[in-house]
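Engineer: Dropping the structure in here first, questions after.
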Amino acid sequence: MAPPEIEVKKRRTRSDYVFHQVYRTRWLDNDMYAHLNNTIYAQLFDSIINTYLIDNCGMDPFSSSSSSPPSSSPSSTGDKLSQVAIMVNSYCDYFASVSFPDVLELGLRVNKLGSSSVTYEVGVFKEGDAAVKVVGGYTHVFCARDTMRPTGTGMEERA
């Protein structure tokens, strides 16, 4: 018998998620077993989470004019442009496979909002099928761009 938290995830529906995105699978997404390779799910999670942050939370990953490493001076502002999201944890629970040429419907929700971190959950559904196929996600810690240290500010605007 699966642990209770896995059983809860298996019962997820599209309505459990507040932001949605469609993904059309590609032939190259399949692995040698004719289903989506596990690495593709990480890409899907990254895409929906960052799309949400860019479109709805004012994040601009391309705002830095420099690609140099962080300096040792502290950030003077707590605005969104001075922050960067660092992934510190990821997970993926598989319940059924999908493959090319399936069209996937991704759902995003926030499971935990901390003072400098957010834990996201993504549900993966096959178009036309109510059952969730995969539930996964990751945790971002928001850090000052110049110090790469957690900011502890600005999370209330991301909720």
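Every number in this text was worked out from the coordinates using simple rules, so none of it is lab data. What you see is a predicted model; the values in this text were computed from it and never measured. Reconstructed Cβ throughout: ideal geometry from the backbone, glycine too, with neighbour counts over all protein chains shown.
Engineer: Run the simple label-point estimate for Phe95 and Cys57 please: 7 Å along Cα→C-beta, distance reported in nm.
Structural biologist: Between Phe95 and Cys57, the simple spin-label model gives 2.5 nm.
Engineer: Are there any trypsin sites (Lys or Arg not before Pro) in region 2-42 that are in a DSSP loop and have at most 11 other Cβ atoms within 10 Å? List them by number.
Structural biologist: Arg11, Arg26
Engineer: Let me ask you something else. What number comes out for the charge environment of Gly128, summing +1 per Lys or Arg and -1 per Asp or Glu over other residues with Cβ under 13 Å away? Write down the numbers at each step before the final one.
Structural biologist: On the way: positive: Arg14, Lys126, Lys133; negative: Asp102, Glu105, Glu127, Asp129.
My count for the surroundings of Gly128 gives -1.
Engineer: What FRET efficiency, computed as 1/(1 + (r/R0)^6) with R0 = 35 Å and r the Cβ-Cβ distance, is obtained for Ala2 and Asn37, rounded to the nearest 0.05? Provide the component values of the computation, followed by the final result.
Structural biologist: Numbers: r = 24 Å, r/R0 = 0.67.
After rounding, the FRET efficiency stands at 0.90.
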